[in-house]
Amino acid sequence: MEQQLPSGMAPPEESVSAWSCKQVAQWLQEEGFGEYVELLCAQHRLDGLSLLALTEADLRGPPLGLTVLGDIKRLTIALRRLQRQNQAQLEELGLRPSDSLPAGLLLGAVRGDWSCDGADRRYNGGDHLCNGTELRLRNSDRSGCGSGAAVCHTHSNGRYRQQHLAGRLDPEVWKTVMSSIYVFLVFGFTSFVMVIVHERVPDMRTYPPLPDIFLDSVPRIPWAFAMAEACGLILCYMFLLILLLHKHRSILFRRLCSLMGTVFLLRCCTMFVTSLSVPGQHLKCTSKSYGDTWGKIQRALLIWSGFGMTLTGVQTCGDYMFSGHTVVITMLNFFVTEYTPRSWNLIHTISWVLNLFGIFFILAAHEHYSIDVFIAFYITTRLFLYYHTLANTRAYQHSRRARIWFPMFSFFECNVNGPVPNQYHWPFNKPAFMKTLIG
C-alpha cells in the first residue's frame, strides 16, 4: 500500500528546493491558496528554493503586498510547516537558524513556540519584533550586537543579508530636542516676517477688502476670534495630556515640532511674497514702521512671547495667507485623533468639533479671508498625511527620493520602523511610601 505523505511534505526522491513553479502552484492549490497561484507563480516565478526562503515579511511587503490578514497568517503557518519538515534542506542551503533570523523564526519549533499579541513576538523571554516588513531581535546576547542594536534580515537574490539597525521605535531624545529647537527658531523667524509684512500692509483707501463669499454672507461676530483661540487652547491641553501618558511621547513630540515648523516656514514664504488687503473695515490696520532693525526685533519678540494670540494682547496685521490659527488647530486635532485608539470615539468627536468650530469662528470674526483658512487646512492635512504615510512605509522612508526632497523627515524618522502603536503608561515612578504600603 502506498504511504500517504503529510500535506506539504516533499517526496523523498525530490527535494522541495528542486520544485518547479508548477509544483509550487500544485502545493498552493493543495493548501487552499489557489487564488495566489497567479501572483506567486505566474508573476513572480516562485520555485521551490524561493518558497523555502519565503517569510511573512515577504508576503506583507512589496512586491507581493498581500492585504488579507487571515490569508497571510494561514499561508505563513503552511510555510512554517513546510520549512520545518525540510529543515535539513535549509541547513544544506546555508539557511540555518543560527545564520538566518527569518529561517530561525520559521523553524521556531526547534527551540520553542512563538506567541504573538499583535505587536510583539516573544521567544523564550527574548524580544522579537515583527512589524510586517522586518523581523527584529533586540536581545544583545542572541543578536551578537551591542545594547540597543537590532538585527534585520531581508531577502535579496535568493539569499538573506543582515543589516544592523537601531532599535525599533527608539525615542532618540536628542532628536526630539533638535526638533524643539527647530520649531522654536521657526516661530521666531515667523514673528520677524510678520513685522516686515505689517510694514507693507496695503492702504484700505486704495485697496479695499476683496470680495469673499463667506465674509459677504455671514455678519461679523466680534467675540468669535477669541473663541477660536479658546478652541485651540482646549485642543492643546488634550494633546499635552495624551503626550504625557503616551509610551512613545518623544516620537510624537518630535513629529509635531517637525510638521509645525515646516508648515510655518512655508507660511513665512506665502506671507512675504504677496500682501493681501485687509479683509474687513473693522480692522484698523495701516502700514507701520518699527524703525531700525532693533525695533523690529523687539516687536518680533513681543509677538513671539505672546504666541501671536489676541488673548495674550498681540495684534498683528497683514499675515493673512495663510491662517496660522487654522494650522495650529488642525494639526493638534490630527495628532489627537491619530495617537489615540479608534475606540475613543468621544475624544475624536470632541477634537473634530473643536477643529471645525475653530475654523468657523476664525471666519465669523472676519480676521481672515476664506481662501486663507482653506489653504491652511489643506496644506496642514496633506502634509500630516504625507509625513505619516512615509513614516509608516519603510520602503519609501529610506528611499533616495525621500532623502532628497524630505531631508528633515529622513533624519528624524530613520530609526522609527513602522507605525507607532498607541500604548499608554503612567510616566512617573510611584512614591517610596506607596511602594512600602503596596509591598
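The values are calculated or read from the model by the stated rules, or taken from the named source; none is laboratory data. Nothing here was measured: the structure is a model prediction, and the numbers come from that model. In this analysis, Cβ positions are derived from the backbone assuming ideal geometry, glycine residues included, and neighbour counts consider all displayed protein chains. Areas reflect the complete protein model, heavy atoms only, side chains present, ligands, DNA and RNA absent. Shrake-Rupley method; radii C 1.70, N 1.55, O 1.52, S 1.80 Å.
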Checklist entry - When the range 240-285 is examined, which residues are found to be β-branched (Val, Ile, Thr) and free of Cβ contacts under 8 Å to residues at least 12 places away in the same chain? => result Val273
Checklist entry - What are the pairs, 6+ residues apart or on separate chains, where a residue within the range 37-61 that is open to solvent by 30 Å² or more (accessible area, probe 1.4 Å) has its Cβ under 7 Å from a residue that is at pLDDT 85 or above and of a type in the set (D, E, K, R)? => result none
Checklist outcome for this item: Subset of the range 406-425, residues polar (S, T, N, Q) and open to solvent by 30 Å² or more (accessible area, probe 1.4 Å), comes to Asn415, Asn422, Gln423
Checklist entry - Residues in the range 189-208: is at least one modelled with pLDDT under 90, among the aliphatic types (A, V, I, L, M) and within 30 Å of Gly418 (Cβ to Cβ)? => result no
Item to check | Residue within the range 364-373 that is in a loop (DSSP other than H, G, I, E, B) and among the polar types (S, T, N, Q) present | outcome: no
Checklist entry - Before we move on, is Glu30 over 35 Å from the mean Cα position of the chain (by Cα), open to solvent by 70 Å² or more (accessible area, probe 1.4 Å), of a type in the set (Asp, Glu) and at pLDDT 80 or above? => result yes
Checklist outcome for this item: Counting only residues that are in contact (Cβ under 8 Å) with a residue 12 or more places away in the chain and assigned to a loop (DSSP other than H, G, I, E, B), the range 308-343 contains a total of 14
Item to check | Residue in the range 248-259 that is in a loop (DSSP other than H, G, I, E, B), more than 22 Å from Phe377 (Cα to Cα) and β-branched (Val, Ile, Thr) present | outcome: no
Checklist outcome for this item: Going through the range 26-47 in order, the residues found to be of a type in the set (Gly, Ala, Ser) and closer than 13 Å to Leu75 by Cα are Gly32, Gly34
Checklist entry - When you look at Phe335, is it modelled with pLDDT of 95 or more, over 25 Å from the mean Cα position of the chain (by Cα) and surrounded by 22 or more Cβ atoms within 10 Å (Cβ to Cβ), yes or no? => result no
Checklist entry - Can you tell me how many residues in the range 268-307 are of a type outside the set (A, V, I, L, M), open to solvent by 10 Å² or more (accessible area, probe 1.4 Å), part of a helix (DSSP H, G or I) and closer than 24 Å to Ile329 by Cβ? => result 5
Checklist entry - From the list Tyr386, Tyr396, which one is modelled with pLDDT of 85 or more and open to solvent by 80 Å² or more (accessible area, probe 1.4 Å)? => result Tyr386
Item to check | All positions within the range 314-332 that are open to solvent by 20 Å² or more (accessible area, probe 1.4 Å), within 18 Å of Ile221 (Cα to Cα) and under 25 Å from the mean Cα position of the chain (by Cα) | outcome: His325
Checklist entry - Looking at Thr380, Thr340, Thr349, which is the one that is of a type in the set (Ser, Thr, Tyr), surrounded by 12 or more Cβ atoms within 10 Å (Cβ to Cβ) and at pLDDT 95 or above? => result Thr380
Item to check | Matching residues in the range 62-74 - criterion: being within 15 Å of Thr393 (Cα to Cα) and either open to solvent by less than 20 Å² (accessible area, probe 1.4 Å) or of a type outside the set (Val, Ile, Thr) (or both) | outcome: Pro62, Pro63, Leu64, Gly65, Leu66
